[in-house]
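As structure tokens, the structure follows; a few thoughts come after it.
Bear in mind these aren't lab numbers, they're just calculated from the coordinates by the rules spelled out. Computed from a predicted structure; not experimentally measured. In this analysis, Cβ positions are derived from the backbone assuming ideal geometry, glycine residues included, and neighbour counts consider all displayed protein chains.
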Amino acid sequence: MTLEIDRITKRFAQTLALDDLSFTVPKGRIFGFLGANGAGKTTTMRICLGILRPDSGVVRWDGTLSGDLPRRTWGYLPEERGLYPRMPVLDQLVYFASLFGVPPATARIQALYWLSRFRIPDYAHRRAEELSKGNQQKVQFIAAILHGPDVLLMDEPFTGLDPVNLALLREAFIELRDEGRTIVFSTHQMEAAEALCESLAIVDRGRIVASGTLAELKQTSRARTVRLGIEGEILPTWLSAIDGVAAVRPAAGFTELELRPGTEPRAVLANALARGALVTHFEVAEPSLEAVFIEHVGHPAGDDSTLEKTLDEDAA
């Protein structure tokens, strides 16, 4: 079984949202769909679900066109969360599952299992509006998987989660994959993508600009990651001003710099020394996924884009 996105094109008025976009995901794989805001990730997921129609191209699961598939094939976690605020959590989970034909008794058992799994069993009979945003997000994740879908489409599932809840959600992804679920998720959190993805695609302005396994993308990348230790300074602000440095982040005992393609690591070291910095550690490391992303897209994944607002307005 394979999920096939086959040459999808979609326009909103004069805006080309998806441009002949194609990728495949085998059954039981976790696939990362990475791109800046407005790149076309949400539009692709909505086309899979039949919420939007493509101008051309098709979506297939196991050779069957998406429009001919039963609704319960898909599980969807939208980026715009939506629960009934005054309805008890367990009641609405059972209700959502019933929309896909799950018997109430079965839905109740599964809902209680996942509430316990996510460490919120005491909220089963609380109204959704009484939960924190992170806990509401976990409830909506449960709603997306409760009917046992073959394919899970998760739009920014990790946004706003603290480290503990992030770890819980990662564990759930692995558990669902091991059950044979196919998972496609978008994210701005490159660490989560590196930890989970068996394969991925980077999309920019509606086109796939890179795809493959994480190892393949790193091996073919011209991006460089430099680890720099400077005595007396944890995260020097001037590092981001060095020509060719695309991103700066703290790491254990040093600072990690993502360099733009073509930037020579030794030039960064020379620049630091010229500023009088006492460099205690210098290392050229394997490029991170963030560095690979910047190489293909030109800016970090969290950068905003006015295109996304345009697409949301046109799709409304």
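Cross-link pairs exceeding 28 Å between alpha carbons, from the set LYS41/LYS138; LYS27/LYS218; LYS10/LYS133: LYS10/LYS133.
The alpha-carbon positions of region 224-286 define a convex hull whose volume is 72 Å³ per residue. Near the amide H of MET87, within less than 5 Å, lie the amide hydrogens of ALA128, GLU129, all on another chain or at least 5 residues away, with H placed in the peptide plane. When DSSP beta bridges are restricted to pairs lying wholly in the chain, around 70% turn out antiparallel. The GluC sites (Glu not before Pro) of region 134-210 meeting both criteria, a DSSP state outside H, G, I, E and B (loop) and at most 11 other C-beta atoms within 10 angstrom of the site's C-beta, are GLU179. Annotation for region 168-218 versus region 255-288: alpha-carbon center distance of 29 Å. Which whole-number percent of Cα pairs in the chain have a distance greater than 36 Å? Result for the distance tail: 26 percent. Helix 104-117: angle to the longest alpha-carbon principal axis of the chain, degrees 0 to 90, nearest 10? That helix lies at roughly 20 degrees to the long axis.
Residues whose amide H comes within less than 5 Å of that of PHE282, counting only those at least five positions distant or on another chain, are GLY229 (H built at 1.01 Å from N in the peptide plane).
Take each peptide in 36-42, 257-263, count the other Cβ atoms within 10 Å of every residue, and average; sorted highest first, the result is 36-42, 257-263. Sequence-ordered 3J(HN,Hα) estimates for region 94-101 from the Karplus curve with 6.51, -1.76 and 1.60 and θ = phi - 60° stand at 5, 5, 4, 5, 5, 5, 9, x Hz, glycine and proline given as x. Put simply, when 202-209, 157-164 are sorted by average Cβ atoms within 10 angstrom per residue, most first, you get 202-209, 157-164. Relative to the dominant Cα principal axis of the chain, helix 133-145 is inclined by about 60°. Projected label points at GLU233 and GLU194, each 7 Å from Cα along the beta carbon direction, are separated by 2.3 nanometres.
A simple rule links phi to the HN-Hα coupling: the Karplus curve 6.51 cos²θ - 1.76 cosθ + 1.60 with θ = phi - 60°, which for region 80-90 gives 8, 5, x, 10, 6, x, 9, 9, x, 4, 5 Hz, with x for Gly and Pro. Using +1 at the C-beta of Lys and Arg and -1 at the C-beta of Asp and Glu, which of GLY232, PHE282, ILE51 has the Cα lying farthest in the positive direction of the dipole of the chain? Value: ILE51.
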